Structures are given as structure tokens and as C-alpha cells.
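Chemist: Quick one: the structure is below, questions incoming.
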Amino acid sequence: MADETATKDKVVCIHYVLRDEEGNVSDTSYGRDPLAYLHGHDNIVSGLEKELEGKTVGDHVQVTVAPEEGYGLRSGPGPQRIRVRDLPRGVEPLVGNSFAAQSSDGTEVPLWIVRVENNKVWVDTNHPLAGTTLDFDVTIVRIRDATPEELQHGHAHGVSGMHGHQH
Ligand code: ZN
């Protein structure tokens, strides 16, 4: 059991509750599978990963993460309005959905849908939780070795390591 600690290249499975500055629950894993992430590979916000380092199964961690170590500070021009039909194929016009867009210099930038109204959506380069102080309540439920495939991909393939996904 000695190696069951959250260190680089381990897959760590956590249940969590994420609250915003007002104490409202923004997201939680309870009621679904635990979140599995590959430790040391920037799969989760840095402020949380840092606190989980060296922790073990059953440990409970409460951590407040500043925006700089969370989803970043808000930047850019703010939400831009586009037509629903200009969304990339397969992207549902739902608040919280994200997709990659090509910027003018050819790099890919993530965009989040922040508002939907009739046939228009507003997209923003800021993560919906950018600029927010995050309050995490985390319990580690499982730690296992990563599979060679997970290490190659740089992320976890679910709690068991057997989950398929899109690449
Ligand atoms: Zn993968």
C-alpha cells in the first residue's frame, strides 16, 4: 500500500464538490463516476493538483484555489455573438459546451458557450470559471498505476483505465 500516494504518473480517482465564491455548487462528481486524472500532467487545475500531491486513498482535502492557479484570470474582449449555424458540426448550442476554434494566426483557441438565445450563441475565450476563486472539497477514492497508453496520451482513461474516448 506504500506506493498508493498521489505522485507523478499515478492515476488518481477523486470525488469532489466545487463551489464558487458565493458557496454555490458549480460542479460535483457525486452521483456519477469519480473523476480519474493523471497526476503531474496538468489534467486538473494546478492549485488542486499541488494540494493532492503525496496524499493517499481515503484522504480528504479542502482547498481554496485562486484564479491564477485555477482557470486563469479573465482576459480578452469578452463574449462574442455568433449564429448557432456557425458553430462547428456536432457542437450543441448549450451553455457550458466548449470547442476549439482557429484563431487568425492559425493557433487553436478553446471557446466556451456562455449564453444561448434563439438562433444565436455567445462564445468566450475565458473558461466559465475564469476569474473565480474555487473551493474544492475532495476525497481520494482510488489510486492506481497508469497504463502505458495513458502515459502516452498524458491523461487517464477513466477509473479502470479501460474507458474509450475520442481522439
Ligand atoms: Zn487517451
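The numbers here are math on the coordinates, done by the rules we state, and not lab data. As the structure is a prediction and not an experimental result, all values here were calculated from the model. Heads up, the Cβs are rebuilt from the backbone with ideal geometry, glycines too, and the neighbour counts pull from every protein chain shown.
Chemist: Lysine pairs in the chain with Cα distance under 26 Å, only those 8 or more apart or on different chains: how many are there?
Modeler: So the count works out to 4.
Chemist: Which of the trypsin sites (Lys or Arg not before Pro) found in the range 78-167 are loop residues per DSSP with 13 or fewer other Cβ atoms within 10 Å of their Cβ?
Modeler: Those satisfying the criteria are Arg89.
Chemist: Using a Förster radius of 45 Å, what is the FRET efficiency between Val63 and Gln102 based on their Cβ-Cβ separation? Nearest 0.05, please.
Modeler: About 0.80, to the nearest 0.05.
Chemist: What is the Rg over Rh value, at two decimals, for the range 119-165, using alpha-carbon atoms and the Kirkwood definition of Rh?
Modeler: Ratio value, two decimals: 1.15.
Chemist: Turning to a different aspect of this structure: So, how do all the Cα-to-Cα distances of the chain break down into 5 Å bins, in percent, from 0 on up?
Modeler: Histogram of Cα-Cα distances, whole percents per bin: 1, 8, 14, 17, 18, 17, 13, 7, 3, 1, 0, 0.
Chemist: Then there is this: Based on Cα positions only, what radius of gyration and what Dmax would you give for the range 21-91, in angstroms?
Modeler: Rg, Dmax (Cα atoms, Å): 16.7, 47.
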